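Novice: Below are the structure tokens for one structure; questions will follow.
The values are calculated or read from the model by the stated rules, or taken from the named source; none is laboratory data. Everything quoted here is computed from the prediction, not taken from an experiment. Quick reminder, even Gly has a Cβ in these numbers, built from the backbone with ideal geometry, and neighbours come from all protein chains shown.
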């Protein structure tokens, strides 16, 4: 799984302002189709300067347009995809801001804002870039000319300036950033994805991740925005589709390979998802 926002080899003019050994402000341009997933270890702001960018969190998809900014809460798994119109090639330009809790706490002291605690915080928030924030973005161009020469203290000041800019028309995003309740550092993603094709119960997965079943369900939902049983079933069916398309494995073998133990149950779920039984799906795709 990716842990960086740098989108493979098609990313050009990728520059980053580093703070304490990690990327604090990143500027990228992408001119080819890209997609993938990333587990966010820090609260993140993505500001789109050009193009269209799709983000999916669980079953919810967000389409981000030019001059929009999106807040992404830490400790969640998202899927991203570049998008283009039929008459326009892909040309994505974006900025990524990684905001550590320590920086946000310092901002609350400087601004004398009270800490915001929401009973149910939102993992993804989209807003429009206002004039104040637009001017701030313009000011970053100078710093990104030679990012390696920028002093850490100056980069920190630019991040604090960003937070002050958000006190204008981006109150919802600011409120999310100020929600500094402790978040779990999860090994759920590793546990689940390494065992996606194994016939393990949710209780067994919970034990492997070091949690009770109720805690596992709650933490999984926070990361994937989807119940674990639904997500696992969806991923197994997608793998089954891939095997039916690209191998000559028997349907029964596909069923057991992806972690199902009952062929009738597997066929029923597959048909519900793809409109055809596994055998019908293979026959139709091969005929096509």
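Novice: Could you figure out which of (1) surrounded by fewer than 18 Cβ atoms within 10 Å (Cβ to Cβ); (2) touching a helix residue (DSSP H, G or I) at 6+ places or on another chain (Cβ under 6 Å); (3) closer than 30 Å to residue 61 by Cα isn't true of residue 246?
Specialist: Among (1) surrounded by fewer than 18 Cβ atoms within 10 Å (Cβ to Cβ); (2) touching a helix residue (DSSP H, G or I) at 6+ places or on another chain (Cβ under 6 Å); (3) closer than 30 Å to residue 61 by Cα, the lone unmet condition for residue 246 is (2).
Novice: Is there any pair linking a residue in segment 251-264 that is in contact (Cβ under 8 Å) with a residue 60 or more places away in the chain to one that is in a helix (DSSP H, G or I), with Cβ under 6 Å and at least six apart or on different chains, and which?
Specialist: Every condition considered, the pairs that remain are 258/236; 258/239; 258/240; 259/236; 260/266.
Novice: Continuing with the same structure: Quick one: would you say residue 21 is more than 26 Å from residue 228 (Cα to Cα), assigned by TED's automatic domain parsing to the domain that holds residue 152 and surrounded by 19 or more Cβ atoms within 10 Å (Cβ to Cβ)?
Specialist: No.
Novice: Looking at segment 186-194, is at least one residue under 17 Å from residue 58 (Cβ atoms), outside any helix (DSSP H, G or I) and touching a helix residue (DSSP H, G or I) at 6+ places or on another chain (Cβ under 8 Å)?
Specialist: So in segment 186-194, the residues under 17 Å from residue 58 (Cβ atoms) come out as 186, 188-189, 192-193.
Subset that is outside any helix (DSSP H, G or I): 186.
Still in the list and also touching a helix residue (DSSP H, G or I) at 6+ places or on another chain (Cβ under 8 Å): 186.
Among the residues of segment 186-194, at least one is under 17 Å from residue 58 (Cβ atoms), outside any helix (DSSP H, G or I) and touching a helix residue (DSSP H, G or I) at 6+ places or on another chain (Cβ under 8 Å), which makes the answer yes.
Novice: Residues being surrounded by fewer than 16 Cβ atoms within 10 Å (Cβ to Cβ) and on the phi < 0 side of the Ramachandran plot: count how many of those fall in segment 60-89.
Specialist: Our first condition is that a residue be surrounded by fewer than 16 Cβ atoms within 10 Å (Cβ to Cβ); within segment 60-89, this holds for 60-61, 63, 65-67, 79, 81, 83-89.
Right, trim to on the phi < 0 side of the Ramachandran plot and you get 60-61, 63, 65-66, 79, 81, 83-89.
Residues that pass the stated criteria total 14.
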